[in-house]
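Participant: Below is one structure. I have some questions about it.
Only the coordinates and a few stated rules stand behind these numbers; no lab work does. What you are looking at is a predicted structure, and each value in this text was computed from that prediction instead of being measured. Cβ: placed from backbone, ideal geometry, glycine included. Neighbour counts: every protein chain shown.
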Amino acid sequence: MSGTFGGRGGRQGRLSQWLRGRRPKEAADDGGREALLLAAGGAGLPLAPAAHPAPGYGCSCDRVGCPTPARHPVSFAWQTQSTTDRAQIERWARHQPEANFITATGMVHDVLDVPLQAGREALERLLAEGVEVGPVAESDDGRMLFFTLTRGTPEDEDEWWPCELDCHPETMAEHPGLRWHCRGSYVLVPPARLPGDGQGVRWVRGPEHPLPEPLTLLEALTDACARHAGDGSPHMDPAWPLRH
């Protein structure tokens, strides 16, 4: 339903370019938002409603000084509320037309979250090497999100292993490089709007791509993050999306 990095031809490729070229708000207005949310749920990503940008405080939660405006769930019960049920996602999307949505990680999928330029470099390397890369999203706040299979869940506790890169909402600032969102964490799922004119989160590779094992991506991501941190230059080429 959404973008494929590398420019695949045909109707899907044209639709991908069209969606990437539009503002998140425009895509929401004509039903694209609901279709993309249903595609994410249909791919097994559990969703729950989140806050959205608002004037004044910058966040619909109206919390003065909200530390993560438009980036957090609206309910404290988001982990149990998260669902892939099509009917529920449709109700939320239609009754809360301004809402962003989060996807809870650590149930079905994890997310490897890296600085945008490092993510673009790693994505090029992975695809050039023929590695199966799953869904990938990019955010206008300077991050790229690689969706993978989860390492484990509370149901298979013996298979779950901790990682020094594990990231939770309250520890985001401690992980400026690579963040590993697993159980107890979440990320915004496209399409989402961020504070600021036209800012948002969008798919680069859509949820129709199968989730890969996280370790198949980890080396390329950590290498790119190390280079990105080492050169001290988070330069982003504005023509990058047009060439791929």
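Participant: Between Asp140 and Ala35, what length comes free when the chain is fully extended (0.36 nm per residue of separation minus the Cα-Cα distance, one decimal in nm)? Working shown, then result.
Facilitator: Working: separation 105, 0.36 × 105 = 37.80 nm, distance 2.15 nm.
Working it through step by step, the gained length comes to 35.7 nm.
Participant: Let me ask something additional. What ranking do 127-137, 83-93 get when scored by the average of other Cβ atoms within 10 Å per residue, highest first? Walk me through the numbers before you get to the answer.
Facilitator: Values: 127-137: 17.7, 83-93: 15.3.
Packing order, densest peptide first, comes out as 127-137, 83-93.
Participant: Hey, quick one: spin label on Glu129, modelled 7 Å out along Cα-Cβ, who in segment 178-222 has an amide N within reach, i.e. under 16 Å?
Facilitator: Counting only backbone N, you get 212-222.
Participant: Here's a follow-up. How far apart, in nanometres, would the label points at Glu90 and Gln199 be if each is projected 7 angstrom from Cα along the Cα-to-Cβ direction?
Facilitator: Taking the two extended label points, one gets 3.5 nm.
Participant: Of the listed peptides 63-74, 196-207, what is their order by residue-averaged count of other C-beta atoms within 10 Å, with the highest listed first? Numbers along the way, then the final one.
Facilitator: Values: 63-74: 17.0, 196-207: 20.1.
Order by mean packing, descending: 196-207, 63-74.
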